[in-house]
Amino acid sequence: MATAGAPTTAGVPVTSDVTPVEFSFGAGHRPEDSTHVRTDVFDGPLALLLALIEQRQLDVLTVKLGDLAGAYLDALARIEHGRLGLLSSFVSVCAQLILIKTRALLPRAPQPVAATETEADPEEELRRRLIEYRMFRDAGRSLADRRALGAWLYHREAAAALAAGRSGARPDPGPALDPQTLADALLASVRLVPPLPSPPEVLARTITLEERAAVIRAALRRAPVFVLQELLRDVTDRVVVAVTFLALLELAKGREVALAQAEPWGPITVTQLPPVPAQDADG
Amino acid sequence: MADELGDLTDAAQQPPEPPPGELSVSQLEALLFVAERPLARREIATLAGIERDQVDALLGDLEVVLRERGLRLLSAGEHVQLVTSPEAGRLIARYVGADGGRLSPAALETLAIVAYRQPVTRAVIERIRGVDSDYVLRSLMHRRLVVEQGRADSVGRPFLYGTGFDFLERFGLTSLDELPLLEPEAALRLDE
């Protein structure tokens, strides 16, 4: 009673997860707005009566319930026809309120009280019901707070966990990734790994004197005399031509062949010479 | 082949050996771990071949041991079950994708009446709430927060309702003893 403010249960404020009881019976009351609110507030006749009391910041223990009959009737009149199925229970409480109010207004003789000893005082009976109802309503709110903590317990249920996994009930993977991230990652990886040496587009051909000398010797085996231009007729590579010519000069220098050219730019005749080492051995 | 199958069937039907007649706390923990359902205390006693009150004592020991762990012992009357600890709740919820949805004020107050007054008949619930509670009760049963607990012996043998394992799990309670106290209740009882 010391703290007449927000009711608490074991220090936990009984607020969250429960729609606060908010409604208005004032002039600005708009039916279309109240429909949703009423679903919660007018869920039962005791809920409505308790809301009326708390809206007026009155104490359930001491309030004269008969005084609320008018407000209750007013609220009841605003209930949509669609909720007539529940209306009887509201009317029942309303009748009690009117009875309580009537008794309070009319002078009562002390004698009938003894005669109807078994009959409980309707106001105290309704008050007791209100207190009991409030107790469970607040307990429900306290439970809601507890539930909202998310400290749920789970038993082992392999099948359920598997189904959850299969149905994709997994944690949200978060916002979609920017495709640029992928490109950046690729670039980064390129920087990390040194690029492989790309295969050369032009094969560096190595033309050796030995190769070309072999070609010349082969030609000489086919014919002891040939014209260089004939041998190189199909060769378009100048390097090959030049190297072949150099090889020819080498062969001439080694006295394997004799060269003859009648005129500048004329045909170069290549003639095989007898092996020199044999002559040296003889000589 | 047929003989082998016959042997296997016999072996499955008849316990190969008598119950050991003893049970350690770790064995009890292992048993509860394997069982993917609540086990009755009596069932455990029969399996281990020990007395029922021995099982109760061992369960008490296990409860103490588990306080340092990620598991708790959930106890609802005769039945017990291993569950994850409240601290792990949000993590496990992410894994199994649990979403409890929202409970209306009507559902919450009805649930509170069932939780604190169980076993309770629908008539008692409706007397306290002052309104027909058939629909809200069905909805709570559908969500397995409320379960039928037999029938009352009174006229018409009405159904009795109570909370089940799901209620304890969803509200992070390892037993009904952990329900927050109803302060005004004691006062009410004194008045009555």
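Would you point out which residue out of B:L23, B:L73 is at pLDDT 85 or above and within 13 Å of another protein chain (Cβ to nearest Cβ)?
Working: B:L23 fails: within 13 Å of another protein chain (Cβ to nearest Cβ).
Sole residue among the options that is at pLDDT 85 or above and within 13 Å of another protein chain (Cβ to nearest Cβ): B:L73.
Take B:I125 and tell me if it is within 23 Å of B:E178 (Cβ to Cβ), within 7 Å of chain A (Cβ to nearest Cβ) and of a type outside the set (S, T, Y).
On the way: within 23 Å of B:E178 (Cβ to Cβ): yes; within 7 Å of chain A (Cβ to nearest Cβ): no; of a type outside the set (S, T, Y): yes.
Spelling it out, it is not the case that B:I125 is within 23 Å of B:E178 (Cβ to Cβ), within 7 Å of chain A (Cβ to nearest Cβ) and of a type outside the set (S, T, Y).
Quick one: B:A123 ticks every box in (1) in contact with a Leu (Cβ under 7 Å, 6 or more places away or on another chain); (2) at pLDDT 90 or above bar one, so which box is it?
Among (1) in contact with a Leu (Cβ under 7 Å, 6 or more places away or on another chain); (2) at pLDDT 90 or above, the lone unmet condition for B:A123 is (1).
Suppose the filter is in contact with a strand residue (DSSP E or B) (Cβ under 9 Å, 6 or more places away or on another chain) and at pLDDT below 90; does B:R41 pass it? Walk me through how you get there before you give the answer.
Values: in contact with a strand residue (DSSP E or B) (Cβ under 9 Å, 6 or more places away or on another chain): yes; at pLDDT below 90: no.
No: the conditions fail for B:R41.
Counting only residues that are modelled with pLDDT of 90 or more and in contact with a Lys or Arg (Cβ under 6 Å, 6 or more places away or on another chain), which one in the stretch B:76-102 is farthest from B:P38 (Cα to Cα)?
So, considering only residues that are modelled with pLDDT of 90 or more and in contact with a Lys or Arg (Cβ under 6 Å, 6 or more places away or on another chain), the one farthest from B:P38 (Cα to Cα) is B:S85.
Checking the condition farther than 30 Å from A:R129 by Cβ, away from every other protein chain (no Cβ under 13 Å) and in contact with a Leu (Cβ under 9 Å, 6 or more places away or on another chain), which residue from B:A35, B:A48, B:A40, B:A88 passes?
On the way: B:A35 fails: away from every other protein chain (no Cβ under 13 Å); B:A40 fails: in contact with a Leu (Cβ under 9 Å, 6 or more places away or on another chain); B:A88 fails: away from every other protein chain (no Cβ under 13 Å).
Exactly one of B:A35, B:A48, B:A40, B:A88 is farther than 30 Å from A:R129 by Cβ, away from every other protein chain (no Cβ under 13 Å) and in contact with a Leu (Cβ under 9 Å, 6 or more places away or on another chain), namely B:A48.
Only one of (1) modelled with pLDDT under 80; (2) in a loop (DSSP other than H, G, I, E, B); (3) exposed (fewer than 14 other Cβ atoms within 10 Å of the Cβ) is not met by A:A169, so which one is it?
Unmet condition: (3).
Is it fair to say B:E148 is touching a Leu at 6+ places or on another chain (Cβ under 9 Å) and over 17 Å from A:L143 (Cα atoms)?
Details: touching a Leu at 6+ places or on another chain (Cβ under 9 Å): yes; over 17 Å from A:L143 (Cα atoms): yes.
In short, yes.
Can you tell me which residues in the stretch B:160-172 are free of Cβ contacts under 8 Å to residues at least 40 places away in the same chain and either more than 12 Å from every other protein chain (Cβ to nearest Cβ) or in a helix (DSSP H, G or I) (or both)?
Matches in the stretch B:160-172: B:D166 only.
Here are A:A164, A:A158: which of them is at pLDDT below 70, facing chain B (nearest Cβ under 7 Å), out of contact with any helix residue (DSSP H, G or I) (no Cβ under 7 Å at 6 or more places or on another chain) and more than 16 Å from A:L46 (Cα to Cα)?
Result: A:A158 is the single residue among A:A164, A:A158 that is at pLDDT below 70, facing chain B (nearest Cβ under 7 Å), out of contact with any helix residue (DSSP H, G or I) (no Cβ under 7 Å at 6 or more places or on another chain) and more than 16 Å from A:L46 (Cα to Cα).
I'd like to check something: does the stretch A:91-106 contain any residue that is within 13 Å of another protein chain (Cβ to nearest Cβ), modelled with pLDDT under 80 and either surrounded by 12 or more Cβ atoms within 10 Å (Cβ to Cβ) or farther than 25 Å from B:L103 by Cβ (or both)?
We begin by selecting, within the stretch A:91-106, every residue within 13 Å of another protein chain (Cβ to nearest Cβ); these are A:91-97.
Next, only the ones that are modelled with pLDDT under 80 stay: none.
Checking the stretch A:91-106: not a single residue is within 13 Å of another protein chain (Cβ to nearest Cβ), modelled with pLDDT under 80 and either surrounded by 12 or more Cβ atoms within 10 Å (Cβ to Cβ) or farther than 25 Å from B:L103 by Cβ (or both).
Filter the stretch A:206-244 down to the residues that are within 17 Å of A:Q272 (Cβ to Cβ), out of contact with any Leu (no Cβ under 7 Å at 6 or more places or on another chain), of a type in the set (A, V, I, L, M, F, W, C) and part of a helix (DSSP H, G or I) and list them by number.
The answer is A:A214, A:V215, A:A218, A:L220, A:L231.
Where residues in the stretch B:76-85 are more than 9 Å from chain A (Cβ to nearest Cβ) and small (G, A, S), which of them is farthest from the chain's Cα centre (by Cα)?
Kept after step one, since they are more than 9 Å from chain A (Cβ to nearest Cβ), are these residues of the stretch B:76-85: B:76-80.
With small (G, A, S) added as a condition, the list becomes B:76-77.
Details: B:A76: 4, B:G77: 7 Å.
Step by step, filter the stretch B:76-85, then rank; the result is B:G77.
What about A:P195, is it more than 14 Å from chain B (Cβ to nearest Cβ), at pLDDT below 85 and exposed (fewer than 10 other Cβ atoms within 10 Å of the Cβ)?
Details: more than 14 Å from chain B (Cβ to nearest Cβ): yes; at pLDDT below 85: yes; exposed (fewer than 10 other Cβ atoms within 10 Å of the Cβ): yes.
When the stated conditions are applied, A:P195 passes them.
Could you check the stretch B:118-159 and list, in sequence order, the residues that are aliphatic (A, V, I, L, M) and either under 21 Å from A:L49 (Cβ atoms) or not in a loop (DSSP other than H, G, I, E, B) (or both)?
To start, the set of residues in the stretch B:118-159 that are aliphatic (A, V, I, L, M) comprises B:120, B:123-125, B:128, B:131, B:136-137, B:140-141, B:145-147, B:152, B:155.
Residues satisfying the conditions are B:V120, B:A123, B:V124, B:I125, B:I128, B:V131, B:V136, B:L137, B:L140, B:M141, B:V146, B:V147.
Looking only at residues that are among the charged types (D, E, K, R) and part of a helix (DSSP H, G or I) in the stretch B:100-117, which one is farthest from the other protein chains (Cβ to nearest Cβ)? Steps first, answer last, please.
Looking only at the stretch B:100-117, we keep the residues that are among the charged types (D, E, K, R), and these are B:102, B:109, B:117.
When the remaining residues are screened for being part of a helix (DSSP H, G or I), the result is B:109, B:117.
Values: B:E109: 4, B:R117: 8 Å.
Within the stretch B:100-117, the match that is farthest from the other protein chains (Cβ to nearest Cβ) is B:R117.
Of the residues that sit in the stretch B:21-70 and are among the small types (G, A, S) and within 18 Å of B:T84 (Cβ to Cβ), which one is surrounded by the most Cβ atoms within 10 Å (Cβ to Cβ)? Reasoning before the result, please.
Of the residues in the stretch B:21-70, the ones among the small types (G, A, S) are B:21, B:24, B:26, B:30, B:35, B:40, B:45, B:48-49, B:57, B:60, B:70.
From what is left, the residues that are within 18 Å of B:T84 (Cβ to Cβ) are B:30, B:35, B:70.
Numbers: B:A30: 11, B:A35: 17, B:G70: 11.
Among those residues, the one meeting the criterion is B:A35.
So A:T206 clears everything in (1) farther than 30 Å from A:L228 by Cα; (2) modelled with pLDDT of 75 or more except one condition, right? Which one?
Answer for A:T206: the failing condition is (1).
The values are calculated or read from the model by the stated rules, or taken from the named source; none is laboratory data. For clarity, every value in this text was computed on a predicted model and none was experimentally measured. All Cβ positions, glycine included, derive from the backbone under ideal geometry; neighbour counts span all protein chains shown.
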